Each structure stands twice: as C-alpha cells, then as structure tokens.
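The block underneath contains the structure these notes are about, expressed in structure tokens.
The values are calculated or read from the model by the stated rules, or taken from the named source; none is laboratory data. Quick caveat: nothing in here was measured; it's all calculated off a predicted structure. Methodologically, a virtual Cβ is constructed for each residue, glycine included, from the backbone with ideal geometry; neighbour enumeration extends over all protein chains shown.
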Amino acid sequence: MSIRRPTAGSRSRVQLRELFVAGAYDASERTNDRLSLDALLRVRQELLAGRREIEVMDPVTAARLLGDRNAILGYAESLAAEASVRRNSGEEAAAQRLEARALAVVLASSDSAVDAEIAGFVAGLRHRAGGIAPTT
C-alpha cells in the first residue's frame, strides 16, 4: 500500500478553505481585506511554486502547466477568493476580471465537463458573473 502525499494544489485548497470558508475572513470588516489578500496571495505563490508566468498565460496553457485538477482548482479558487476581497474593497472591475480568469482556466482544463466539483465551481462563478462569457 502506498501513501499519497498531498500535492501543492491540495495543500493550497485546504489553506484557502481555512482562510475563507472557515470564517477567518469576514466580508463585513474592511480591516480584514489587506490581511486576507496578503494571505491568499501567499497561498497562490506557494501553489505556483515560482511560476508566476502562469498569471499572464492564456487559460489553456495555464491549465496545462498547473497540471493536476487540485492545482487548477486551487489556482481558480484563489482567484475567486481574491475577487471577493476586491469586490468588498469596491474594486468591482478587478473582481470581475479575476472571476472571468478563474472561470476560463477551469473551463480550459481537460476534465472540467465530467468533474462534479469543477462543474459546481463553474456554476457558482457563472452565477456571480451574471452569465457573462469568460475572458482572459
């Protein structure tokens, strides 16, 4: 029996959930915005492992370089979390760009059509974006 080690993507997803889902981030308190943004950017940097060029690549190439589904979802979830922080700070245009990027990268992943978790994530982003098609 082999022991599976957590990937950078799965570790990043756990860290994001701890930061945002578990209640560490309170959208009603603007003082949390800077701390939350700094924390999620650190998580994203860990996930990207020094490959910052992924941030500016087209979605298909970015998804291919991220590789596994946890890395792709971790990256997309970090973009969506940043969008929430930006929106709370009154940066609506930045929030929409981040959500569109998250959606485009997830849709570019090869298994997006058959994965229920990815489908749920995409549906949530489309709902927040008002059905607007993604752009990079």
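Points to keep in mind about this one:
- Filtered residues of segment 82-95 (kept if out of contact with any Ser or Thr (no Cβ under 6 Å at 6 or more places or on another chain) and farther than 16 Å from Val122 by Cβ): Glu82, Ser84, Arg86, Arg87, Asn88, Ser89, Gly90, Glu91, Glu92, Ala93, Ala94, Ala95
Per-residue answers, yes or no, for (1) surrounded by 23 or more Cβ atoms within 10 Å (Cβ to Cβ); (2) among the aliphatic types (A, V, I, L, M); (3) at positive phi:
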| residue | (1), (2), (3) |
| --- | --- |
| Arg44 | no, no, no |
| Glu55 | no, no, no |
| Arg64 | no, no, no |
| Gly74 | yes, no, no |
| Glu77 | yes, no, no |
| Ala81 | yes, yes, no |
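- Residues (part of a helix (DSSP H, G or I) and of a type in the set (Asp, Glu)) located in segment 53-98: Glu53, Glu55, Glu77, Glu82, Glu92
- Any hit, segment 126-134, residues being in a helix (DSSP H, G or I), modelled with pLDDT under 75 and basic (Lys, Arg): yes
- Residue count, segment 88-100 (criterion: surrounded by fewer than 24 Cβ atoms within 10 Å (Cβ to Cβ) and under 15 Å from the mean Cα position of the chain (by Cα)): 6
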